[in-house]
Amino acid sequence: MSSERGQFSSRFGFISAATGSAVGLGNIWGFPTQTASHGGGAFVLVYLILAFLLAYPALMAELIIGRHTRHNMVGALPQLTQRPALQVIGRATGLYGVLIASLILSFYAIVAAWLMAQVPAAVANIGGQQPAASWFTQSSLLRDSLFCVLFLALTAAIVARGVKDGIERWSSRLMPALLLLILGLTAVVLTLPGAMEGLRLYLVPDFSLIAHPSLLTSAMGQAFFSLSLGVGTMLVYGSYMSKTDNLPLTGAYVALIDSGIAFLAGLLIIPAMFVAHQQGIEIYSADNTLIAGPDLILKTLPTLFNSLGLSGALIGLVFFLLLSIAALTSSISMLEVPVTYALEQFTISRSRATWLIASGIFAISLLILFNFDELFGSVINITTKYSQPLLGAMLCLFAGWALHRDKLLSEISAGYSAAEQGLFWKIWPSYIRFVCPVLVIIIFVQNVRT
């Protein structure tokens, strides 16, 4: 077993890395498009509530298991129980989590490649180089493969440097940069004609929509998945935490920052859609709902930026740089899941493990690109729609039922001496046993039915 695990040097370093993992395309892309599809302000309100009713308790389950065991997901879950059958289930769950994290990164790298290609396209537009801009904006096997390998190489270069010198150092740089970019871009967009109409849709909920089943399950799923839960990323990051850190408070910071940046992303993108509408750009689908998903990010908004001349090209450059940073901060944590497993299972250096695994993931990405129509949607559904909810439920069950209550209290009390008298301890153990697994299974059932 390799000894190259490492540890975060400070609470700020952990929070930067954990929020970097959480704040990815699920927040900057997924949250606004889900908002556009599910009634604007009603979705925002339900999401913010569920972020703390569901996502925060599940996040705490992963952090507690990780710090208590100091292992990756495969090694951690069997340590929580003495029962051989449960140990086998725990190991199988961990191995499946490592596989799913790797598969998620394989398609995530493709989406990140699309976004990264828009950055040189915006530069070419600013410089008046239209043929070059056209090449960068038009999807092709060559373009997508080149930017996919570039994205994975950047991710691997950071992970290969270790926890402190790689993940923590770069997360601590990229997260403040991401926040400054999104605040600056939002301030600019809100001054443009049409933005206030989008702002009203975003901030004023239609309470008649709040109880709609599809809105509830979509908000629940977004709250859960936006924190990178289920595949062991937060468990691994928890294993790098100091024993002196206050777990409930630190977890609350991560959930709050994650939800806050998702809210800011909506504050940027929903008004931007109505600015586009003001410019004569179509923002409604055939069924009279707001355009969402890839068409919004890769067609509607770039058309808006192009319609605004030089200032629009500059806004587009910053916007796609923002998305690329968000993708990178999440991909770091996804790659760390299989890398940590390799370090703890085999005698191998971190650098070698990182580059070998990144190469394997790139090979899967190429396989998807060469068989895009057959594989891309299927891989997304298998991993995020079906596997993540089940894995999340298993982690909640192991934290609530397999880890002894005295060990739970001891782990939480290590950095929070008043834990036993606190509200968190009075609510969370029962909540993670009963409520969270049921809510996550509801998401899974709804996903299967749709």
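What ranking do 390-400, 78-88 get when scored by the average of other Cβ atoms within 10 Å per residue, highest first?
Values: 390-400: 23.7, 78-88: 14.5.
Result, highest mean Cβ count within 10 Å first: 390-400, 78-88.
When the label point is put 7 Å from the Cα of Ile441 along its Cα-to-beta-carbon vector, which residues of the stretch 379-397 have a backbone N closer than 17 Å?
Correct set: 386-397.
Determine the calculated [θ] at 222 nm for the chain from helices alone, applying -39500 (n - 2.57) to every DSSP H run no shorter than 4 residues and normalising by the residue count; nearest 500 deg cm²/dmol.
On the way: 21 runs with 317 residues, N = 450.
Helix-only estimate at 222 nm: -23000 deg cm²/dmol.
Using only alpha carbon pairs under 8 Å that are at least six residues apart, calculate the relative contact order of the chain and give it in whole percent. Each step should come with its number before you reach the end.
Numbers: 727 pairs, mean separation 157.7, N = 450.
Relative contact order of the chain: 35 percent.
Return the whole-Å distance between the Cα centroid of the stretch 11-38 and the Cα centroid of the stretch 371-427.
Answer, in whole Å: 18.
List the relative contact order of the stretch 67-113 as a percent without decimals, with contacts defined as Cα pairs under 8 Å and 6+ residues apart.
On the way: 29 pairs, mean separation 15.0, N = 47.
Value for the stretch 67-113: 32 percent.
Under a no-solvent Debye model with one identical scatterer per Cα of the stretch 336-450, what's log10 I(q)/I(0) at q = 0.10, 0.13, 0.18, 0.21 Å⁻¹?
For the stretch 336-450 at q = 0.10, 0.13, 0.18, 0.21 Å⁻¹, log10 I(q)/I(0) is -0.53, -0.81, -1.02, -1.07.
Once the Cα atoms of helix 141-159 and of the chain are each reduced to a long axis, what angle between those two axes, in degrees from 0 to 90 to the nearest 10, is obtained?
Relative to the chain, helix 141-159 is tipped by roughly 40 degrees.
Put +1 on the Cβ of every Lys and Arg and -1 on every Asp and Glu Cβ in the stretch 401-449; which of Ala402, Cys436, Tyr416 then has its Cα farthest towards the positive end of the dipole?
My answer, from the dipole projection, is Cys436.
Exactly which chymotrypsin sites (Phe, Trp or Tyr not before Pro) in the stretch 269-349 are in a DSSP loop and have at most 15 other Cβ atoms within 10 Å? Don't jump to the answer; show the numbers that get you there.
Values: sites: Phe274, Tyr284, Phe305, Phe319, Phe320, Tyr341, Phe346; in loops: Phe346.
Qualifying residues, ordered by number: Phe346.
Can you give the charge dipole size of the stretch 349-450 about its Cα centre, rounded to the nearest 20 debye, using +1 on the beta carbon of Lys and Arg and -1 on the beta carbon of Asp and Glu? Write out the running numbers ahead of the final one.
Details: 8 positive and 5 negative charges, 31 e Å.
So the dipole magnitude of the stretch 349-450 works out to roughly 140 debye.
With a cut-off of 8 Å between alpha carbons and a minimum separation of six or more residues, what is the relative contact order of the stretch 326-435 in percent? Mind dumping the intermediate values first?
On the way: 36 pairs, mean separation 18.4, N = 110.
Over the stretch 326-435, the number comes to 17 percent.
By how many degrees, between 0 and 90 and to the nearest 10, does the Cα long axis of helix 84-126 differ from the longest principal axis of the chain?
It is inclined by approximately 20 degrees.
Rank-order 324-336, 134-146, 172-184 by packing density, defined as the average count of other C-beta atoms within 10 Å over each peptide's residues, highest first. Don't skip to the answer; put the middle values down first.
Details: 324-336: 25.5, 134-146: 14.3, 172-184: 16.8.
Answer by packing, highest mean first, reads 324-336, 172-184, 134-146.
Compute the FRET efficiency between Leu190 and Thr303 as 1/(1 + (r/R0)^6), taking r as their Cβ-Cβ distance and R0 = 22 Å, and round to the nearest 0.05. Don't skip to the answer; put the middle values down first.
Working: r = 20 Å, r/R0 = 0.89.
Computed FRET efficiency for Leu190 and Thr303: 0.65.
Say each of Leu256 and Trp135 gets a label point 7 Å from the Cα, pointing the same way as Cα to Cβ; how far apart are those two points in nm?
4.9 nm
Karplus couplings for the stretch 274-281 from phi (6.51 cos²θ - 1.76 cosθ + 1.60, θ = phi - 60°), rounded to Hz, Gly and Pro as x?
For the stretch 274-281, the Karplus curve yields 7, 5, 4, 4, 5, 7, x, 8 Hz.
Distances longer than 44 Å among the Cα atoms of the stretch 11-449: what percent of all pairs is that? Provide the component values of the computation, followed by the final result.
Values: 8681 of 96141 pairs.
Result for the distance tail: 9 percent.
Can you find, among Thr33, Gln138, Gly309, the residue farthest towards the positive end of the dipole of the chain? Put +1 on the C-beta of Lys and Arg, -1 on that of Asp and Glu.
Thr33
Return, ordered by residue number, the residues of the stretch 46-74 whose backbone nitrogen is under 13 Å from a label point located 7 Å along Cα→Cβ of Gln345.
72-74
Assign unit charges at the C-beta atoms only (+1 for Lys and Arg, -1 for Asp and Glu), then state the dipole size of the chain relative to its Cα centre in Debye, rounded to the nearest 20. Show your work: numbers first, answer last.
Details: 22 positive and 19 negative charges, 205 e Å.
Roughly 980 debye for the chain.
Mind pulling the angle between the C-alpha long axis of helix 11-22 and the longest principal axis of the chain? Nearest 10 degrees, somewhere in 0 to 90.
Roughly 60 degrees between the two axes.
Just so you know, all these numbers are worked out from the coordinates, no wet-lab data involved. Bear in mind the structure is a predicted one, so any value in this text is a computation, not a measurement. Backbone-built Cβ (ideal geometry, glycine too); neighbour counts: all protein chains shown.
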